[in-house]
Amino acid sequence: MGNITINIDGKEIETQEGEFLLNAARANDIFIPAICYLTRCSPTLACRICLVEADGKQVYACNAKAKDGMNITTTTETIEKEKRAIMEVYDVNHPLQCGVCDQSGECELQNYTLEIGVDSQSYAVADVARESKDWGHLHYDPGLCIVCERCVTACKDMIGDNSLKTVARGAGPLDAEYKAEMPKDAYAMWNKLNKSVIGLTSGEDMLDCTSCGECSAVCPVGALVDTQYMYKTNAWETKQIPATCGHCSAGCQITYDVKHTSIENPEDKIYRVMNEWNYVSLCGAGRYGFDYQNKDVTKDEEAFNKAVEAFKKADTINFTSTITNEEAVILERLKDKYGYKLVNNEAKSFQTFLKDYSEVSGTSLYGSDLKETMNSNFIVSVGTAIKSDNPNARYALNNSLTVNKGAGLYFHPLADPVVDGLSKNLMSINHKPLQEEIALYLVLDLFGDKTKLPSDVVSHLASFHSTKTVTVTETIKEKVIEIVKEMKVNKETGEEEEVEVEKSKMVPKKVSKEVEVDDNRLLELLDAPKNFTEALAKFLKKKDSFSLVVGADLYTHPNSKNLARLVALCEKYANFKVVMIPTLTNTLGVSLINELSSDAGSYSIGYNTAGDFTLSALGDGDLDMPAINQQEGTLTSINKRVNPTNAAIGYGGYELSDIANALGIKSENTIDFTKELPVSKGFKSVNFDDLPDYYTNAGEEVRGYELENIAVSVSDDESVTVIDESLSLEGEIIYSVNPVRQFSEFTDKTTNLDEESGIYMSEEYLSSSELNAGDSVTIKSESGTLTAKIVSDNKITGKIVCLPTFDSKLNSEAMFSAYRFATASIEKV
Ligand code: SF4
Ligand code: SF4
Ligand code: FES
């Protein structure tokens with residue numbers, strides 16, 4: 001509900017004080033043309049076509065703010081002239097190659113030209129040669145570019161890579177007469193447009209970014225396109241299959257755009273993935289990692305019968321969280337009927353963490369989501385390599401920093417230049433592994449309400465404080481008496497003579513003095529930057545909404561129980577809204593649906609992971625299963641939403657529900673279990689086909705439903721254990737983390753994602769060692785040994801070596817006991 005009323009073209013609407021008029025209009029289904037504005041981003045005023053009249057004054061709807069009682073007219077004679085001239089200008093020198101343009105059919109230039117009725121051209125300017133650029137996964141054709149700067153804005157305000165900018169076009173000036181003749185906004189827009197094209201902030205011809213493709217998705221014309229999609233199909237020939245991305249816990253809304261493969265092959269093929277980019281931003285895995293379906297599978301009856309026999313023999317089902325909620329229910333039913341141990345260590349750690357958190361918070365789920373994080377203006381991140389663990393969490397952080405003028409603290413051992421580059425108002429504290437507890441204690445110390453926090457926490461925090469004497473230098477103004485010589489008339493002699501007079505003046509002087517200041521040893525333990533306290537004081541100016549994002553380093557930590565309790569205390573007594581990043585795609589769903597065991601029995605079924613009998617959607621097991629992009633069902637996201645997903649690609653083999661049917665768990669389709677999801681855990685009893693899947697014009701997400709955050713009974717015990725300062729990992733440190741765009745064997749299987757398998761080292765690490773990219777090294781930890789090739793990674797810095805999990809052949813998980821960090825030795829083979 002809005003808190004003010006405004007009037008647009010005679011229609012009274014409610015909105016929020018300060019909302020942009022364009023957003024207020026859109027939320028109420030009122031159309032105002034707008035090209036450069038992207039919801040969730042700062043207005044750039046590049047197009048000027050959103051002109052309206054507000055209280056008699058011409059303003060741009062995308063950056064004029066609503067005030068109570070405002071009267072807005074979307075069309076006047078002057079505005080119509082401006083819009084017409086703007087669209088004519090956009091059409092000047094635009095090549096007429098719609099027949100082969102990738103955007104044709106969904107092109108905003110075509111649409112607005114038609115909408116505004118441009119049927120003749122009044123303007124002209126000599127064109128300049130504008131060469132197309134191949135930027136790896138992107139192709140840029142400046143000839144088609146209308147310099148709306150949406151690509152620049154998306155990359156800066158949403159993604160945070162800041163890889164694009166406008167650069168000089170090298171064109172001559174516009175005809176001087178236009179200045180006098182043309183509507184003034186159209187002229188100003190054209191004058192700027194004619195000077196620019198899009199280039200790279202790196203200044204080179206090599207695009208070095210995290211390769212999300214959001215810039216090409218938002219491009220209104222065919223100027224910036226994904227190389228993999230270019231010239232493959234016309235937009236209007238594809239069918240849009242609404243789905244949820246299956247790669248990480250963000251649960252992004254996507255459509256798979258599918259069409260037959262070729263004239264000879266009528267089978268559907270995914271040509272690209274699109275998204276509602278005004279409301280959701282994809283990472284490169286979501287955008288480009290789509291062809292991971294289990295192909296050419298038919299019903300192999302013999303393998304199926306063997307699977308049923310294996311289930312009869314098994315006492316354990318090992319599985320990963322890359323399954324739907326419905327499949328998780330099937331596994332749970334099988335467990336109830338046959339007593340299987342359900343083993344999924346990653347989901348088990350998350351489940352335990354959530355339970356430990358609930359014991360203090362009194363709620364079954366964490367309180368916040370990424371939308372609220374994005375809308376806050378101070379974010380603290382602890383225990384997650386945010387860039388790769390959940391790209392949308394990083395986008396939320398970046399959007400808060402850029403659009404809300406936010407600030408934040410990023411606690412993580414792995415130094416990350418991408419995170420550091422998001423804003424100067426984000427401070428990274430690259431503490432040592434196993435110090436996550438100290439980071440959370442620091443959050444309580446800095447932000448906790450000491451009158452409400454448990455007294456043992458308050459006294460423990462106090463034990464880290466002391467006063468110390470420091471010498472500070474300050475500049476004071478000091479009065480100085482100067483003797484100056486002046487000529488004065490001697491009253492007695494009447495003659496002019498030189499006399500000395502005293503003159504005082506204030507001069508700055510540096511003085512040192514000793515002062516007593518608070519010394520917070522938690523900062524020292526965390527190796528916080530020396531200017532931490534002063535920088536934080538600046539960061540906190542005008543901040544009033546605080547979010548805490550935590551991740552898998554905490555769930556796998558040897559003291560995870562304590563960490564979970566500390567997180568709950570941050571939420572209860574430090575006014576932080578909390579989001580936990582579920583480790584994999586459906587970790588949250590699995591952790592709510594399944595009763596998980598810690599130990600496996602003697603004979604196991606593996607589902608998308610190794611077992612004595614393996615079911616695999618990767619096509620490498622004893623019986624094939626459908627991949628997520630071949631299934632109908634639901635996935636539970638970090639935003640605590642149960643999102644529907646649909647099959648983009650056909651599948652001809654058996655599914656888990658077929659095995660369940662053979663074992664007496666009857667259902668016709670897997671989605672029969674959608675309404676069976678456990679209500680006691682916050683799910684709703686809704687039929688799959690009744691789940692909605694859209695965003696409103698106001699940006700409200702109406703996809704599936706939100707889990708109920710159930711109140712759980714808690715004891716009065718809010719105790720937490722004290723910091724164990726002896727906890728440490730010494731020597732060479734390895735960290736279990738994937739590069740951006742890779743999450744699992746499913747992303748690894750796709751054709752467009754080409755990250756190399758191997759051991760990821762920073763350029764800094766390599767330059768200070770004898771090792772080089774491409775060398776083979778053997779890494780030994782207490783838990784295992786592996787040999788792999790070194791990959792040089794310029795998206796990390798420092799000395800921590802990263803071991804990705806996306807390539808199961810590397811088996812890097814065997815190098816870690818549970819915690820994501822371990823000590824290891826590294827030797828060149
Ligand atoms: S490439 Fe596309 S999004 Fe970027 S400025 Fe040009 S037209 Fe706009
Ligand atoms: S692909 Fe993503 S990160 Fe790269 S330039 Fe485009 S928006 Fe920026
Ligand atoms: S949408 Fe307002 S200036 Fe472009």
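The values are calculated or read from the model by the stated rules, or taken from the named source; none is laboratory data. Predicted model, so just to flag it, every value in this text is computed and none were measured. In this analysis, Cβ positions are derived from the backbone assuming ideal geometry, glycine residues included, and neighbour counts consider all displayed protein chains. Only protein heavy atoms, including side chains, enter the accessible area calculation; ligands, DNA and RNA are left aside. Shrake-Rupley method; radii C 1.70, N 1.55, O 1.52, S 1.80 Å.
Some points to look at:
- Any chance Leu38 is out of contact with any Cys (no Cβ under 7 Å at 6 or more places or on another chain) and within 15 Å of ligand 1 (Cβ to nearest atom): yes
- Pairs meeting the criteria (first residue in region 263-279 and without any contact (Cβ under 8 Å) to a residue 60 or more places away in the chain, second residue hydrophobic (A, V, I, L, M, F, W, C), beta carbons under 6 Å, at least 6 apart or on different chains) are Val273/Ile254; Val273/Phe290; Asn275/Ile254; Asn275/Leu282.
- When Gly105 is tested against the conditions (1) exposed (fewer than 15 other Cβ atoms within 10 Å of the Cβ); (2) closer than 23 Å to Tyr231 by Cβ; (3) touching a Leu at 6+ places or on another chain (Cβ under 9 Å), the lone failure is (3).
- Region 27-40 - residue that is within 11 Å of ligand 3 (Cβ to nearest atom) and of a type outside the set (Val, Ile, Thr) and, of those, surrounded by the most Cβ atoms within 10 Å (Cβ to Cβ): Tyr37
So that you can scan it fast, the table gives a plain yes or no per residue for (1) within 16 Å of ligand 3 (Cβ to nearest atom); (2) open to solvent by 60 Å² or more (accessible area, probe 1.4 Å); (3) over 30 Å from Ser400 (Cβ atoms); (4) out of contact with any strand residue (DSSP E or B) (no Cβ under 6 Å at 6 or more places or on another chain):
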| site | (1), (2), (3), (4) |
| --- | --- |
| Asp91 | no, no, yes, yes |
| Glu131 | no, yes, yes, yes |
| His139 | no, no, yes, no |
| Arg169 | no, no, yes, no |
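- Matching option when the condition is open to solvent by 10 Å² or more (accessible area, probe 1.4 Å), more than 16 Å from ligand 3 (Cβ to nearest atom) and within 25 Å of Pro33 (Cβ to Cβ), among Cys145, Cys155, Cys151: Cys155
- Under the condition of being assigned to a loop (DSSP other than H, G, I, E, B) and either at negative phi or under 31 Å from the mean Cα position of the chain (by Cα) (or both), the residues counted in region 320-352 number 7.
- Verdict on Thr78 being open to solvent by less than 60 Å² (accessible area, probe 1.4 Å) and more than 30 Å from Tyr395 (Cβ to Cβ): no
- Filtered residues of region 287-325 (kept if touching a strand residue (DSSP E or B) at 6+ places or on another chain (Cβ under 8 Å), of a type in the set (Val, Ile, Thr) and open to solvent by 10 Å² or more (accessible area, probe 1.4 Å)): Val297, Thr320
- Filter result (basic (Lys, Arg) and closer than 16 Å to Ala124 by Cα) within region 142-181: Lys179
Conditions tested, residue by residue: (1) more than 16 Å from ligand 2 (Cβ to nearest atom); (2) closer than 23 Å to Asn191 by Cα; (3) of a type in the set (Phe, Trp, Tyr).
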site: Tyr37; (1), (2), (3): yes, yes, yes
site: Ala46; (1), (2), (3): yes, yes, no
site: Cys50; (1), (2), (3): yes, yes, no
site: Asp55; (1), (2), (3): yes, no, no
site: Cys62; (1), (2), (3): yes, yes, no
site: Ala66; (1), (2), (3): yes, no, no
site: Thr75; (1), (2), (3): yes, no, no
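- In region 615-664, residue farthest from Glu701 (Cα to Cα) [restricted to those that are open to solvent by 20 Å² or more (accessible area, probe 1.4 Å) and touching a Leu at 6+ places or on another chain (Cβ under 9 Å)]: Asp622
- Of all residues in region 222-239 being farther than 10 Å from Arg272 by Cβ and among the polar types (S, T, N, Q), the one that is nearest to the chain's Cα centre (by Cα): Thr227
- Residue selected from region 42-54 under the condition surrounded by 20 or more Cβ atoms within 10 Å (Cβ to Cβ) and of a type in the set (A, V, I, L, M, F, W, C), by the criterion farthest from ligand 3 (Cβ to nearest atom): Ala54
- Pick from region 719-736, criterion among the charged types (D, E, K, R) and surrounded by 13 or more Cβ atoms within 10 Å (Cβ to Cβ), ranking: nearest to Asp356 (Cα to Cα): Asp724
- Residue pairs whose Cβ atoms lie under 6 Å apart, separated by 6 or more positions or on different chains, with the first residue in region 89-112 and free of Cβ contacts under 8 Å to residues at least 24 places away in the same chain and the second part of a loop (DSSP other than H, G, I, E, B) and surrounded by fewer than 19 Cβ atoms within 10 Å (Cβ to Cβ), are Cys98/Ser104.
- Subset tally (residues that are within 23 Å of the chain's Cα centre (by Cα), of a type in the set (Asp, Glu) and open to solvent by less than 40 Å² (accessible area, probe 1.4 Å)) for region 417-457: 1
- Of all residues in region 126-153, those satisfying the criterion of being among the aliphatic types (A, V, I, L, M) and touching a residue at least 12 places away in the same chain (Cβ under 8 Å) are Ala126, Val128, Leu138, Leu144, Ile146, Val147, Val152.
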